[in-house]
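A quick write-up on the structure given underneath.
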Amino acid sequence: MEVLTETKIRSLENSGSSNLFVFDAHRDAPKGFALKIAPSGSKTFVIQYPLEGRRKRMTLGSWPTYSAVAAREAAHKALLLVAEGKDPISERKSRKAKMTIEQAIDMFLELKISGLSQEKAAARYLRVDMLPFLSTSDPKAVRRPEIIACVEAKAKKTPTAAKQLLTYIKQLFQYLEDREIVDINPIASLKASSIHVAGRKKGIPINKRDRVLSDLEIRNFWHNIDTSGVSRSTCLALKLVLITGQRPNECAGLSIHEISGDVWTIPAHRRLKSEDENQIYLSGLAKKVLAEAEFEMSKRARKRSGFASDLMFVGPKGRQMCKSALATAIARKREVLGNSKNSKGDFWTPHDLRRTMRTRLSSLGVSRDVAERVIGHKIGGILEIYDRYSYDKEKKAAFELWDKELTKIVGANESP
């Protein structure tokens, strides 16, 4: 038995000619929960259970589409049905046969998007913008022209929002195809560039931001945000974005359980554009930020009886801080933060703090391969398939190099 983490799963291989089953020793794993590794290398989560004197095996989902955390939750739900004398395999077949597109959206939002900063936006795009254009409630009967019409209608008013709408629809149908609720994703190959937008020949325009903060802007942000009136949790979350180069929503949703010693591991289910976990080395500045975040949470706990949270940063009502809260804070305090427009007329945003860190890594001589891995980008292509080196030492060195440079920019011995 093995404790099935994302890193461990990635390293597991099957050199035999039959399926290999690796049972999970994680404390949250139910009995019979395992990872099935086929001779071809494909990996699938399964749950084995006894029913009416027979032992049955149910497929939960493929990795990495399903994370180990999500698969364990699905396994527990399946075993609840077994406890009621029901067969989860039969129940799933019956549910799939009767599932409407509305129910499919609900399932997608609950199991794939729930808890992420884009949850409300995804629900609005799919329910308000997509559903009225569909001529059927059967997800298997949805056709490509209907989706194109839906996205083009959105593009007439807001081309940027139309691109986001298309992204969520593609994610929805890929999710449904993975779970065999639809036979095929009807828009898997549909690109934003092929969507008609009035007055354009190249489809939906893609706004590629290139805003990077100067040394002066970094200093103004670092020092002025502390006295800007923004909550301390928001200040610290934004500083962590600049220090680590991780996505604003990943920093805002940081849980204390993701920290182990000098390493912060972002689990796969919390990552927006990747289905792998990412490990971040915590430099000196990062540790100072997190230490103060813990202190802030302890102060909140002392003030509010019964308050408890695993999160490092929370909003005013004790809920998880979202990416939009960070963006709103920056937008409201532009003047005091010295956040002025650049030559293209752009103010900087929380995501530009991440881009700044990545750009500075290149200026410090960090190689592209290492820098991209530092901020959690998926390398992709043939390189990722054959290069299985972890780059942990190189990533750590890059974080330390940026820590030293950032400390020099904002002033030596500065507190977070």
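The values are calculated or read from the model by the stated rules, or taken from the named source; none is laboratory data. Computed from a predicted model, the values in this text were never measured in an experiment. As a convention, Cβ positions derive from the backbone with ideal geometry for all residues, glycine included, and neighbour counts pool all protein chains shown. Protein only, heavy atoms only, side chains kept; ligands, DNA and RNA dropped before computing areas. Shrake-Rupley method; radii C 1.70, N 1.55, O 1.52, S 1.80 Å.
Here are some notes:
- Among the residues making up segment 132-181, those that are assigned to a loop (DSSP other than H, G, I, E, B) and in contact (Cβ under 8 Å) with a residue 60 or more places away in the chain are Arg179, Glu180, Ile181.
- Residues that are closer than 30 Å to Gln171 by Cβ and either in contact (Cβ under 8 Å) with a residue 24 or more places away in the chain or more than 15 Å from the chain's Cα centre (by Cα) (or both) number at least 2 in the following helices (runs of 4 or more DSSP H) confined to segment 224-303: 232-244, 248-252.
- Ala71 at pLDDT below 90, touching a strand residue (DSSP E or B) at 6+ places or on another chain (Cβ under 6 Å) and under 27 Å from Trp264 (Cβ atoms): yes
- Restricting segment 330-352 to residues that are of a type in the set (A, V, I, L, M, F, W, C), over 14 Å from Lys239 (Cα atoms) and part of a helix (DSSP H, G or I), the residue that is farthest from the chain's Cα centre (by Cα): Val336
- Look at (1) at pLDDT below 90; (2) under 27 Å from Asn249 (Cα atoms); (3) assigned to a helix (DSSP H, G or I); (4) open to solvent by 10 Å² or more (accessible area, probe 1.4 Å) and you find that Ala188 fails only one, number (3).
- Residue match in segment 89-105 (condition: surrounded by 12 or more Cβ atoms within 10 Å (Cβ to Cβ), in contact with a strand residue (DSSP E or B) (Cβ under 6 Å, 6 or more places away or on another chain) and more than 18 Å from Ala25 (Cβ to Cβ)): yes
- Any hit, segment 133-149, residues being closer than 30 Å to Thr5 by Cβ and of a type in the set (Gly, Ala, Ser): no
- Ala68 vs. criteria crowded, with 17+ Cβ neighbours inside 10 Å and touching a residue at least 12 places away in the same chain (Cβ under 8 Å): yes
- Checking each residue in segment 7-32 for being assigned to a loop (DSSP other than H, G, I, E, B) and loosely packed, with under 13 Cβ neighbours inside 10 Å picks out Glu13, Ser15, Gly16, Ser17, Ser18, Ala25, Arg27, Asp28, Lys31.
- Residue count for segment 41-57, restricted to those that are under 28 Å from the mean Cα position of the chain (by Cα) and part of a loop (DSSP other than H, G, I, E, B): 2
- A single member of Leu4, Leu35, Leu51 is of a type in the set (A, V, I, L, M), farther than 29 Å from Thr265 by Cα and either surrounded by 18 or more Cβ atoms within 10 Å (Cβ to Cβ) or modelled with pLDDT under 90 (or both), and it is Leu51.
- Flag for Ala371 being modelled with pLDDT of 90 or more, among the small types (Gly, Ala, Ser) and in a helix (DSSP H, G or I): yes
- Restricting the first member to segment 306-323 and to residues that are over 16 Å from Cys251 (Cβ atoms), and the second to residues that are at pLDDT below 75 and of a type in the set (Lys, Arg), the beta-carbon pairs closer than 7 Å and six or more apart or on different chains are Phe307/Arg300.
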